[in-house]
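Reviewing the structure listed below.
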Amino acid sequence: MPRKIIIDTDPGQDDAVAILLALASPDAVEVLGITAVAGNVPLHLTQKNARIVCELAGHVHVPVFAGCDAPIRRKLVTAEHVHGKTGLDGPVMADPTMPLQDMHGVDFIVETLRREPAGTVTLCPLGPLTNIAVAFQKAPDIVGRVQEIVLMGGAYFEVGNITPAAEFNIYVDPEAADIVFKSGAPIVVMPLDVTHKALTSKARVDVFRAMGTEVGRMVAAWTDFFERFDVAKYGSAGAPLHDPCVIAYLIAPDLFTGRLVNLEIETQSELTLGMTVADWWGVTSRPKNAMFMGGINADGFFALLTERIARL
Ligand code: RIB
Ligand code: CA
């Protein structure tokens, strides 16, 4: 029985690959809808990019919604330096023709969780947590109806990628992250600790290129563009495919290992704003609110990703 999911996203080349992986896996996940959030690039681009990706996958009937255009309390910080000015730089992409839904993304999250049987909908945030937090604030009754939140965000042993202490998704809206991590909903976290082990390489990207499909060509062009930031900064072999780890977990959880810990968000200090503080050694009595992933079978991850992407 496929898991019903809502993908909340700020495409973003890696978000795009995650959406493709989900749409290529109807046996494992049923995408009820995609809600865009401001993050890597502003909302008018993330909602457009989400539709571009759905059309590329040939799934023009997936409802795409625009959510919040700014963090709850702070000014939006974007990441064009990583993703380019369109957010999907690399290949030239045609504008989408599929419509954007009129309903606000937050209202879609609330209405879907109220409509579907309790405990049957998984939320998959791939960007800042603004939409999720606003939905929980607007409709506290939905929190107990969430099956699980599987999100990309945070970092502990790997430390930050946007500041010395913070990972981008959490840094953009730390107040939203604080609301989500204190909500009581079960959370699985894919932090930089694991996504930095899911690195592309020339050989891995060539597999996408060799598929001979439009989707394979797009994924190769996106990762070629996206990797330049991480290769220059970390000297790594290739681009970390952050967001696809969330969907891969839903399809093949055994690819990952982690630890149930308390995770809290820094929302006060300017120095460490957005830091995800994991009580890794259990030195506090704070509730263990997050399954914090740290290990990944990278070869298995890429084998799954290429097998599924080749289906589109
Ligand atoms: O820090 C990595 C995260 O920030 C990824 O989700 C990437 O898409 C950006 O949103
Ligand atoms: Ca993202």
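A short reminder: the numbers here are calculations on the coordinates, not readings from a lab. Remember, it's a predicted structure, so these values are computed and weren't measured experimentally. Here Cβ is always computed from backbone atoms with ideal geometry, including for glycine, and neighbour counts include all displayed protein chains.
Descriptive notes on the structure:
- Within the range 206-248: Cβ-based charge dipole about Cα centre, in debye rounded to nearest 20 (Lys, Arg +1; Asp, Glu -1): 60
- Using Cβ point charges alone (K and R +1, D and E -1), the dipole size of the chain about the Cα centre works out to roughly 180 debye.
- Paramagnetic reach from ARG115 in the range 59-80 [backbone N under 11 Å; point 7 Å along Cα→Cβ]: 63
- With kT/(6 pi eta Rh) evaluated at 20 °C and eta = 1.002 mPa s, and Rh the Kirkwood radius from Cα pairs, the range 242-312 diffuses with a coefficient of 151 µm²/s according to Stokes-Einstein.
- Pairs exceeding a 20 Å alpha-carbon distance, out of LYS197/LYS233; LYS75/LYS197; LYS182/LYS288: LYS75/LYS197.
- Listed from fewest to most Cβ neighbours within 10 Å, the set THR46, THR97, THR272, THR223 follows the order THR97, THR272, THR223, THR46.
- Residue order, fewest to most beta carbons within 10 Å, for MET293, MET93, MET103: MET103, MET93, MET293
- Exposure proxy for SER269, SER201: other Cβ atoms within 10 Å of each Cβ, ordered fewest to most, give SER269, SER201.
- Once exposed loop trypsin sites (Lys or Arg not before Pro) are cut out (DSSP; at most 12 other Cβ, 10 Å), longest piece of the chain: 86-312
- Distance from the range 269-303 to the range 25-77 (C-alpha centre basis), Å: 25
- Secondary-structure-derived ellipticity at 222 nm for the chain, considering helices only, amounts to -10500 deg cm²/dmol, per-run term -39500 (n - 2.57) for DSSP H runs with n ≥ 4.
- Distance (nanometres) between label positions extended 7 Å along Cα→Cβ at LYS75 and ARG3: 3.8
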